[in-house]
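> One structure coming up, written as structure tokens, with questions to follow.
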Amino acid sequence: MAKIKPARSTPAQKRNTVIRWVFYFVVILLCTAFLNAGDRVKPLLLIPVSLCIASNVKEGAAVFIGILCGLLLDFCCNRLMGFYAIQLMLVCLVTSWLYTQLLQQRLFNMLILTAISSLLLGAIDFFFYYAIWDYEHVWLIFLHITLPSCGYTLIAALPLYGLFHFVHERLLPHSNRTIEQAIHTTIEPY
């Protein structure tokens, strides 16, 4: 059986990949700076950012982005180092797998994943940092801090998805091959 030789990356594709990853890291740093400013209830911007990145990369890169954004989220939220990193790593891995196997790049899919992820991470945070210690009126924290933060995160996912969609349309290599490219594909024997 003959194996199809993969197409090589052109210099323009390599340049676009470098620009895309620099953009990712700049957005991650800006979201981290936003999370560290002030002491009000804010959206956890690193959750939709990591999901937007994970939806367009392979599983290995998604795990790396999940760990990076999770560690930065740990730092911003004053949580135990690795608390959000492990959770966000798993969420990004599942997101990357879902987009590879089942989902299409649609706003609705990203909003559903962002809502599920932010509610799941918020509920786990609430349980381990507040509910498990049986404080009085602990549900007020859930109602006045955790749920609004999840709602703000979902609202913030809209412009973030638009920004990432714009960048991906311009800088991601297109997977559709033309007829000429398909005809000129070389087949090498085993």
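> May I ask you to derive the FRET efficiency for PHE75 and PHE23 from their Cβ-Cβ distance with R0 = 25 Å, giving the value to the nearest 0.05?
Computed FRET efficiency for PHE75 and PHE23: 0.70.
> Mean Kyte-Doolittle of at least -0.5 plus a Cα span of 30 Å or more along the axis: flag which DSSP H helices in the chain meet both, please.
Helices meeting the span and hydropathy rule in the chain are 11-36, 107-129, 147-171.
> Could you order the peptides 146-154, 93-101 from most to least packed, using the average number of other C-beta atoms within 10 Å per residue?
Numbers: 146-154: 18.9, 93-101: 17.1.
Order by mean packing, descending: 146-154, 93-101.
> What's the carbon and sulfur percent of the chain's accessible surface, probe 1.4 angstrom, rounded to a whole number?
69 percent
> Looking at the chain from every direction and averaging, what is the projected area of its Cα convex hull in nm²?
Values: hull surface 53.4 nm².
One quarter of the hull surface, i.e. the mean projection, equals 13.3 nm².
> May I ask you to list the trypsin sites (Lys or Arg not before Pro) in the range 1-105 that are in a DSSP loop and have at most 12 other Cβ atoms within 10 Å of their Cβ?
On the way: sites: LYS3, ARG8, LYS14, ARG15, ARG20, ARG40, LYS58, ARG79; in loops: ARG8, ARG40, LYS58, ARG79.
Here the trypsin sites (Lys or Arg not before Pro) that fit, given the DSSP loop and packing criteria, are ARG8, ARG40, LYS58.
> With every protein chain left in place, what is the accessible area per residue of the range 59-137 in square angstrom, probe 1.4 Å?
On the way: 4480 Å² over 79 residues.
Per residue, the range 59-137 has 57 Å² of solvent-accessible surface.
> In a Gaussian network model over the chain where Cα atoms closer than 10 Å are linked, find which of ALA54, ALA157, ALA115 has the largest mean-square fluctuation.
In the Gaussian network model the winner is ALA115.
The values are calculated or read from the model by the stated rules, or taken from the named source; none is laboratory data. What you see is a predicted model; the values in this text were computed from it and never measured. Please note: Cβ atoms are built from the backbone with ideal geometry, for glycine as well, and neighbour counts cover all protein chains shown. The area values use the complete protein model at the heavy-atom level, side chains included, leaving out ligands, DNA and RNA. Shrake-Rupley method; radii C 1.70, N 1.55, O 1.52, S 1.80 Å.
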